[in-house]
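*Asks:* Take this structure first; my questions come after.
What follows draws every value from the coordinates through simple rules; no lab data is involved. Model, not experiment: these values are computed from the prediction. Methodologically, a virtual Cβ is constructed for each residue, glycine included, from the backbone with ideal geometry; neighbour enumeration extends over all protein chains shown.
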Amino acid sequence: MDAEIHPSAIVYPGTVLGDGVRILENAVVGKQPVLSPRSTAKRDPLAATEIGDGTVVSTGAIVFAGSRIGARVILGDQTCIRERVTIGDDVVVGRGSLVENDTTIGAMTLIQADSYITAYSVLEENVFIAPCVVTTNDNFMGRTERRHEFVKGATIRRGARVGGGAILCPGIEVGEEAFVGAGAVVTKDVPPGVIVVGNPARVLREVPEDELLS
């Protein structure tokens, strides 16, 4: 193993670090979660954290146990990656962003600063999340036992883009190559290849062909 670990960082036993990994000042890798008695998160034993080749865990970042981080990923300063998160290769998670438990993020995705990716979300490949985006997963806001069967985060398909400060309601799907405008409040699924804006978000027009990935 050829990894660089700053003396102030904490790497818990069992953590698997790939070649060229850098763990910077005051970062914590392999942390076990401490759950509230009312938490909906799973309580199964967690596998060791795995960090892929060339990945950087920046200053003050925290990666919980049971997560798998791909190669050449940048976890920005003060980011937090909760348990059972899977992150593909060449992903960037910007400063101060939080990715909650049981979330999957595809390769080449960019999550900019101070965004919140809620538990049980799926972001596919080449997704773009602008700063301060908020995703949600509980329409009952913590009330009633019935809510447990409906908890679900966003599904954001390949190549979709979500503008700054947008809010996605629980269980929303943003279609492939769709574009959610800044500040939009998305209350229903967004079809593939369209631009939505406003509160509640509505279809404005199709995404221009020269902006499509393929």
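*Asks:* Distance in nm between label sites at K188 and V34, each 7 Å beyond Cα in the beta-carbon direction?
*Replies:* For K188 paired with V34, the spin-label model returns 4.5 nm.
*Asks:* What lysines could a cross-link reach from K188, if we take a straight Cα to Cα line under 22 Å and drop same-chain neighbours fewer than 8 places away?
*Replies:* K152
*Asks:* Short version: what are the Cα gyration tensor semi-axes of the range 107-214, square root of 5 times each eigenvalue, largest first, in whole Å?
*Replies:* Whole-Å semi-axes of the equivalent ellipsoid: 23, 14, 12.
*Asks:* Can you list residues from other chains, or at least 5 along the same chain, whose modelled amide H is less than 5 Å from the amide H of R202?
*Replies:* Amide H neighbours of R202, under 5 Å, 5+ apart: V197.
*Asks:* Further question on the same structure: Apply the Karplus curve 6.51 cos²θ - 1.76 cosθ + 1.60, θ = phi - 60°, to the phi angles in the range 181-190 and return the couplings in whole Hz, x for Gly and Pro.
*Replies:* Per-residue couplings from phi come out as x, 4, x, 5, 10, 8, 9, 8, 4, 9 Hz.
*Asks:* Let me ask something else about it. When ranked by the protection proxy of mean other Cβ atoms within 10 Å per residue, highest first, what sequence do the peptides 202-210, 164-172 form?
*Replies:* Packing order, densest peptide first, comes out as 164-172, 202-210.
*Asks:* Once amide H atoms are placed 1.01 Å from N in the peptide plane, what residues at a sequence separation of 5 or more from I10, or on another chain, have their amide H within under 5 Å of its amide H?
*Replies:* A27, V28, V29
*Asks:* Using the Karplus equation 6.51 cos²θ - 1.76 cosθ + 1.60 (θ = phi - 60°), what ³J(HN,Hα) coupling, rounded to whole Hz, does each residue of the range 110-116 give in order, writing x for Gly and Pro?
*Replies:* After applying 6.51 cos²θ - 1.76 cosθ + 1.60, I find 10, 10, 7, 4, 6, 8, 10 Hz.
*Asks:* Return the FRET efficiency for the residue pair E149, D53: r is the Cβ-Cβ distance, R0 is 35 Å, and the value is rounded to the nearest 0.05.
*Replies:* Once rounded, the FRET efficiency stands at 0.35.
*Asks:* I'd like the FRET efficiency for E206 and N139, computed as 1/(1 + (r/R0)^6) with the beta carbon distance as r and R0 of 35 Å, rounded to 0.05.
*Replies:* 0.75
*Asks:* Taking Cα pairs under 8 Å and at least six residues apart, what relative contact order does the chain come out at, in percent?
*Replies:* Value for the chain: 10 percent.
*Asks:* Sequence-distant or interchain residues sharing an amide H contact under 5 Å with L123, placed H: which?
*Replies:* Hits under the 5 Å cutoff: T104, I105, G106, I156.
*Asks:* While we're here: Which of rounded, prolate or oblate describes the chain when judged by the alpha-carbon gyration tensor and an a/c cut-off of 1.5?
*Replies:* oblate
*Asks:* I want the local charge near T103. Using Cβ-Cβ distances under 14 Å, sum +1 for each Lys or Arg and -1 for each Asp or Glu among the other residues.
*Replies:* That sum, taken over residues with Cβ under 14 Å, equals +1.
*Asks:* If you don't mind, there's one more thing I want to ask. Looking at the square roots a ≥ b ≥ c of the eigenvalues of the Cα gyration tensor of the range 75-169, which shape do they give, rounded for a/c under 1.5, prolate if a/b is larger than b/c, or oblate?
*Replies:* prolate
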